Amino acid sequence: MVERKLATVLFVDLVDSTSLVAGADPEVARRRVTQFFDRVSHCVTTHGGIVEKFAGDAVLAAFGVPQAHEDDAERAVRAALAMLESVRELGLEARVGVESGEVVVDESDSTFATGEAVTLAARLQQAAGAGEVLIGPYAYRLTSDRLQAEDVGPLDVKGFGERIWTWRVRAVLDGAPRRSGVAAPLVGREAELELLQNTYERAVRNRRAHLFTIYGDPGVGKSRLAREFVEGLEGATVLAGRSLPYGESVTYWPLAEMVKSAAGITDDDPLEVAVEKLRESCENEAIADLLGLASGVLEAVKGERSQQEIAWAAREWVERMAHDQPLVLVFEDIHWAEEALLDLIEHLAEWVRDAPLLIVGLARAELLDIRPGWGGGRVRATAIELEPLGREESEELIDALAANGALEGEAREALLEKTEGNPLFVEETVRMLAECEGRPLSDFAERIPDTLQALIAARIDRLPPEEKTVLQRASVIGRTFWGGAIKELAAEIDELQPVLETLLLREFLLPELRSSISGETAYRFKHVLIREVAYSGLSKSARADLHERFARWLHARAGEELLEIRAYHLDQAAALITELDGGPPPELARQAAAALETAGRRSLAREANRSGRKQLLRALELEPTLERRFQAARAAWRLGDLPAVSREMERVRADAADEGDRWCQARALAALAEVALNRDADVDEANRLAALALDVADGNDYEPRFDALHVLNTGAWWRGRLTDSERYARDQLALAQEAGREDLESRAAIDLAGVHNARTEYDLAAPLFARALELADQSGSIVARGHALASAGDFAIYREDYDEAQRQLEEARALYEEAGVASSLGRVLYRLGVVAWHQGDLDGAERLSRESIRTLAPLEDRGTLCEAQRRLAEVLLEKGKLDEAERYAEAALETVGPQDMSSRASTRSTLARVRIAQGRFDDAEKLLREAEDIIDQTEYCAFGSDTLRTLAQLLRDRGREDEAEAVERRLEGATADSSAARIA
């Protein structure tokens, strides 16, 4: 059997062996070399290694093959130092190289393991001096706290592209403290448990939702603390779900586990049975259907479904569940959760009313890397971090785990020293000692593992072959697996149940109380790291085969209900075979691509755009088709990634034309028209492409026709041709109504309202903005609601209602973040910066403007980027940062498109204000006159007031009163309310 192992490799060679042989009696020379081999072999075997090969005067040895030990690297270094001393007694000198790393071994093959560590150990031996031990970076990391070593620095090693850092070992230290790794069970957590219980009682007493997050390193005891808490509850409903580490496509997996558990649904229930159970449980058809979509009970329905709707349904469901008795929701491993799930959890914590609800989130600290503000700003939110145990608590844990006080004296002291309060270290080590079958406990206690991975690998390697096989096969499935799946993947094991029961007794596995597949007993790895270590021992070829076989089993048992997970396993199989052989078999590629495409479409239907794009790109890579290429490009379009849209849609356009696919061709043309407008600022090219899209699209193909009209509308607006813009907006509105698409109708209402707004026809604009929001909510599209809120926020700025503007724009921001629409997010960040500026929050305005620029710059969205740049310049100018203000004002002028009339004027006005601050009055006046001329060429009424006001003040300051008064008369005669220019 081929396995992958973390091993330590040792190479030793005689120094100057030629002089030993030269002139010597052959028998004497042979005897001396044999003595050298014997001494070296003895040192290797006494330290637990094996001699793999004799080659000339060199010896190759390995530690961790065939069985791993937690301290293999240290054993190898000790053996190296011992053999140097031993061969000196023969009057000989040797040199040694040692390195650790992943190797591949084949029990059926007499040849030794292969891997980078083998090659590097040989090179280190060649570089070592007489009587020296050189070790590589991996071995040093595993042993650095146990060594007296000299940093040799980087070494040029043949066959390695980069120089390798090396160390010269002087001695191995005894008694030095070891690094602690990861942690485990519940001892010494009384204070944390009491806080959790008090928080629950507060939630019950006040009938309000409370978010309680437990942070900690892997194995520190987060799940154990939560389990202890829920086991002590009476009269409460407890539902739990976990995020999967590979679950980009299973956005709502924890919610699904909770919903199905509450409704008694199994994943292989017939659709009608599942729906009936769900509706009976929810007592509301609308809530049931939305939760069914989120949890996978129902497949994605026709049309785009909204995360906003799912959040509403989840809130209603939770409030109903908690109406009669308290509800506790336990979300495990939320550091692996997608943004949409994190948003949902926070939504429940914020908006659930009149319901005793405690939400417990278990997470590693990495959650704060992706969500720094998690739980922040909420009165009803608590977070704790589990720390390592103290000495007394660790001893209490040892006493609880070690039978009959077996660990005493030096063995206990060694264990306490090495574990340093990490509970899982204590637990796993004590259990390992209990399995040593009569061997001296002190031998094991002195060798407490440096890392949890090494410890678990050692335990796994000591298992009987059948038990080890089951663990490794199960690891392919994931943290949770089913007995039937293992029977399929480990068919060579005749009696599977006794093996599983033994693994349960040994506490490698735990029974899963609920199985998502009826008729299948579910099991769970006690800790995810046990699963990861078991998986790492499988060869890549074995992994590929097992992933594919499990996908087939899953399809047979659960059909399409667990499609996303099946797609993941097929993808893993294809990726592994590609790595090994350069490409997957055609049938595997076809199956994986089809599953990934369907999973990607489901993700897009839920507006999980980032996940959908990843899945569709992978499907396209495995088996390219025009449809997949278009769908992947469409996902990029949704995300606002204009460079990717340009590149990919151009290919779609060409392929569609070759294949005569007008459906794809029309959509590609509409997308490219938007790129020409927003990235290239080329209105003429955008109009040309939009016209082509209208020509190519069939009469009943509404979406590309609408998108093309939107581009024509925007281009006309940029040029200040509001009459044309209004005509296109009304065409959009009619088309959307004909199509029966509320999301498109909402967008058309926004465009038409924008025209009225630019004309200062606020009485006409206001009802259209309100109607746009109403239509967006009816459509169920999270992006449509975001657009409507963002536009309403703009309108609130015009009305100087900055609190309302901030509220609407912040909600739009959250929706755009959920959907991953980066371009729209960049625009709303810019608008929030405008609000902050008007509220006098210059620091906030600067921060938001910079964030907007960072978001928009990679997308090459020139239309908004220039406005964000010039807004930042205005803020910096007000803060007295003149040099930086000049830089951003000039950048804005360079960014703006030649036909973007409003931004051409606004960027000139901003740079003019910078020039005034610099005392360059002639330059400022020239820029302001240019801005004035640009506005005069347009039909804008709501823009230009700030420009005229600045020009009038400049003229008056320069003593040109008559000219200043003329400008002021023009300003007074303008139809725009002066406050309307506040956003310009």
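Any read-out appearing in this document is the output of simple, stated calculations on the displayed coordinates, not a laboratory observation. Small disclaimer: the values here were computed from a predicted structure and weren't measured. Cβ atoms come from the backbone with ideal geometry, glycine included; neighbour counts cover every protein chain shown.
Annotations for the structure displayed:
- Ala556/Arg141 FRET efficiency (R0 45 Å; Cβ-Cβ; nearest 0.05): 0.50
- Acute angle (nearest 10 degrees) that the helix 921-936 long axis makes with the longest principal axis of the chain, alpha-carbon atoms: 70 degrees
- By the equivalent-ellipsoid construction on the alpha carbon gyration tensor, the range 207-385 comes out with semi-axes of 25, 18, 16 Å, ordered largest to smallest.
- For the range 478-584, trypsin sites (Lys or Arg not before Pro) meeting the loop criterion (DSSP other than H, G, I, E, B) and having at most 12 other Cβ atoms within 10 Å: Arg514.
- Based on C-alpha pairs under 8 angstrom that are at least 6 apart in sequence, the chain has a relative contact order of 8 percent.
- Reported value for the range 743-862: 96 Å³ per residue, from the convex hull of its C-alpha atoms.
- Across all directions, the average projected area of the convex hull around the alpha carbons of the range 612-669 is 3.5 nm².
- Principal-axis tilt of helix 802-819 within the chain, Cα atoms, nearest 10 degrees: 40 degrees
- In degrees, nearest ten, helix 662-678 long axis to first principal axis of the chain (Cα): 80 degrees
- Segments 329-338, 783-792, 655-664 sorted - mean Cβ within 10 Å per residue, highest first: 783-792, 329-338, 655-664
- Placing one equal scatterer on every Cα of the range 843-946 and applying the Debye formula, the log10 ratio I(q)/I(0) at q = 0.10, 0.15 Å⁻¹ is -0.25, -0.58.
- Coil-residue chymotrypsin sites (Phe, Trp or Tyr not before Pro) of the range 683-739, DSSP, other Cβ within 10 Å capped at 14: none
- Contact order for the range 509-664, expressed relative to its length and based on alpha carbon pairs under 8 Å spaced 6+ residues apart, stands at 13 percent.
- Loop sites in the range 549-617: GluC sites (Glu not before Pro), DSSP, at most 15 other Cβ within 10 Å: Glu560
- For the range 641-783, fraction of C-alpha pairs farther apart than 26 Å, in %: 25 percent
- In terms of Cα atoms, the Rg and Dmax of the chain work out to 34.4, 118 Å.
- Rounded to the nearest angstrom and listed largest first, the equivalent-ellipsoid semi-axes of the range 625-718 from its Cα gyration tensor are 19, 15, 10.
- Distance from the alpha carbon centroid of the range 553-614 to that of the range 872-908 works out to 47 angstrom.
- Translational diffusion of the range 2-172, µm² s⁻¹ [Kirkwood Rh, Cα pairs; Stokes-Einstein; 4 °C; 1.567 mPa s]: 81 µm²/s
- Residue-averaged [θ]222 nm for the chain, counting only DSSP H segments that reach four residues, each worth -39500 (n - 2.57): -20000 deg cm²/dmol
- Mean-position separation - Cα centroids, the range 653-705 and the range 464-498, in angstrom: 53 Å
- Per-residue Cβ neighbour counts within 10 Å put Leu955, Leu882, Leu505 in the sequence Leu505, Leu882, Leu955, beginning with the fewest.
- Arg662/Val28 FRET efficiency (R0 60 Å; Cβ-Cβ; nearest 0.05): 0.10
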